[in-house]
1. Which one of SER270, ALA224, CYS34 has its Cα pushed farthest toward the positive end of the charge dipole of the chain, where Lys and Arg give +1 and Asp and Glu give -1 at the Cβ?
2. So for the stretch 119-255, what percent of the C-alpha to C-alpha distances run longer than 18 Å?
3. Pick out which of ARG87, ARG205, ARG272 has the largest mean-square fluctuation in a Gaussian network model of the chain, springs linking Cα atoms closer than 10 Å.
4. Considering the options PRO88, LEU353, VAL22, tell which one lies farthest towards the positive end of the dipole of the chain, charges being +1 on Lys and Arg and -1 on Asp and Glu at the Cβ, about the Cα centre.
5. What lysines could a cross-link reach from LYS31, if we take a straight Cα to Cα line under 16 Å and drop same-chain neighbours fewer than 8 places away?
6. If you place +1 on the Cβ of every Lys and Arg, -1 on the Cβ of every Asp and Glu, and leave all else neutral, what size is the dipole of the chain about its Cα centre, to the nearest 20 Debye?
7. Run down the lysines and flag those whose C-alpha is under 20 Å from the C-alpha of LYS97, throwing out any fewer than 8 positions away in its chain.
8. Kindly provide the helix-only [θ] at 222 nm of the chain, computed as the sum of -39,500 (n - 2.57) over DSSP H runs of four or more divided by all residues, to the nearest 500 deg cm²/dmol?
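None of the figures in this text is laboratory data; all of them are computed from the coordinates on show. Bear in mind the structure is a predicted one, so any value in this text is a computation, not a measurement. Here the Cβ positions follow ideal geometry from the backbone for every residue, glycine too, while neighbour counts run over all protein chains shown.
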Amino acid sequence: MTYKIALVPGDGIGPEVTFAAVDVLKAVSEKFGCSFEFNEYPAGGCALDKYGVPLPQETIDGCLASDSVMLGAVGGPKWDSVPADKRPEKALLGLRKVLGLYTNLRPAAIQPALADACVLRPDIAARGFDLMIVRELTGGIYFGERGRNEAGDVAYDTETYSVMEIERVARRAFDAARKRRGHVTSIDKANVLESSRLWRETVHRLGETEYPDVRLDDMLVDNAAMQIIRDPSFFDVIVTSNMFGDILSDEASQVTGSIGLLASASLGESSRGMYEPIHGSAPDISGKDLANPIAAILSAAMMLRYSFDLAEEADAIEKAVSDVLSDGLRTADIKSPGQEDWIKGSEMKEAILDKLRRN
Ligand code: IPM
Ligand code: MG
């Protein structure tokens, strides 16, 4: 079977890291005999420049006709002043919506070899942490009704959630917890927001009826933001709304000290997912071979695992990455303070390819 992969490299460092991940997948296919077909599609600022829209129909059709999508990053200061409906971010939001990707998995774990990159106090970092944020991705305030009054001096955005939307993402979180340490923390603002009260009720009903074996607790989002820094080892799986998940996942990733290492998966009902590094387009380092390709490479591993059920191949990529890190190889973003012998993005990719071929 040949897996059809839509590549949406996007802007900034998106193309560099996406094509590094493609090279890794090619090496995987040589080693294990699986076969991939790659087709590239424009989205984001580059699509706006070329076609006048951030998400051309051709890209939507191409993604829908693929078994999975690999996205780099979209956006950059160049497009900061374009009208709201043309912003590069619209491409990302549009793809999530049309592909029905209502669940976003964002793992954040401390890599033992990189404990010194962790920004937490050493005694907290020493406890280690490995958490999975399950973020709702196609609802809430991102997609709710918004607008301005006629005078333009009052604006509103609305947070709306239905039981169906909450249940389907919560189910993903409970399922993930069963394969991990059996603990879900649902994060909301139920002391203020009605939508959060419905969120909390719904998650509890589902937990009691379908997942009595999973430990479930709630946390208010402000407290959660604090606990992620105070004691991230408390968390196993976090489930939360679109906006809270957006904010907390940036926080959790930075707490690991290495946002350049973190991958993500966006999933819906079918096996087709969209996989992307958590970091953005980083226009300041684009084209300088400074970008760390690891997050994109680990995103490709997630694709093999979640969309194609190729666990052995995914394991091999993850092992190659942890091996190069254990060997002490560091790109600029993860070097120790004062470290001089850091390597370029392309060298990191080559080192990973080398491990993959030899392991
Ligand atoms: C993310 C990003 C996006 C989001 C932006 C680029 C629209 O911050 O994937 O977390 O807010 O979802
Ligand atoms: Mg974000």
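1. Of SER270, ALA224, CYS34, it is CYS34.
2. I get 56 percent for the Cα pairs in the stretch 119-255 exceeding 18 Å.
3. Highest fluctuation among the options: ARG205.
4. Farthest along the dipole direction, towards plus: LEU353.
5. List returned: LYS319, LYS355.
6. The dipole of the chain has a size of about 320 debye.
7. Reachable lysines: LYS86.
8. The per-residue figure over the chain is -13000 deg cm²/dmol.
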